[in-house]
């Protein structure tokens, strides 16, 4: 490990960070070997460029920023199509449970008022619950959500990478957000009451 990096973090921190990076990369790339390569390249890039780290953000955020760019590069190279077999009748059933025929919330399904979402966003436990909710999404929805919200690829690029229409992407993101909100209401915000 570079001497400059050793003064910032210890081995236990790096091991934990690497595991988090690998989990994130595996979700996006769906290939353990490609994910491992992306994580290794990101860590090597961080070590080589540690002198550029200005402490304007947390080291974890900086290293994850490098990883996001590596993953985006891999995704652009792969140009793989998504398997939409997950978009079956369970999606329609979920929508029918939540909304009526006019698109309004069914009785008792309206979102609950969340207590202090700003406070929750900085709570470490919140992010653990969020990650668990994200892992319970259908794989395609989770991947598209992460590409859009975490890797910050623009919608047109995601559509091109996965050969899907813009409207299909928006439907998938909408469904992912609905499921995440429902999960967070149950697992986090209702338990906080």
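General observations
- Pairs where the first residue, in the stretch 159-178, is free of Cβ contacts under 8 Å to residues at least 12 places away in the same chain and the second is part of a helix (DSSP H, G or I) and surrounded by 16 or more Cβ atoms within 10 Å (Cβ to Cβ), C-beta under 6 Å, 6+ apart: 159/169; 166/159
- In a residue-by-residue description of the stretch 79-89, the property of being at pLDDT 80 or above and either farther than 27 Å from residue 180 by Cα or part of a helix (DSSP H, G or I) (or both) applies to no position.
- Among the residues of the stretch 126-150, just one is surrounded by 20 or more Cβ atoms within 10 Å (Cβ to Cβ) and part of a loop (DSSP other than H, G, I, E, B), namely 137.
- Scanning the stretch 98-116 turns up one or more residues that are on the phi < 0 side of the Ramachandran plot, modelled with pLDDT under 80, in a helix (DSSP H, G or I) and assigned by TED's automatic domain parsing to the domain that holds residue 177.
The values are calculated or read from the model by the stated rules, or taken from the named source; none is laboratory data. Quick caveat, the model's predicted, so the values are computed rather than measured. Note: ideal-geometry Cβ built from the backbone for every residue, glycine included; neighbour counts use all protein chains shown.
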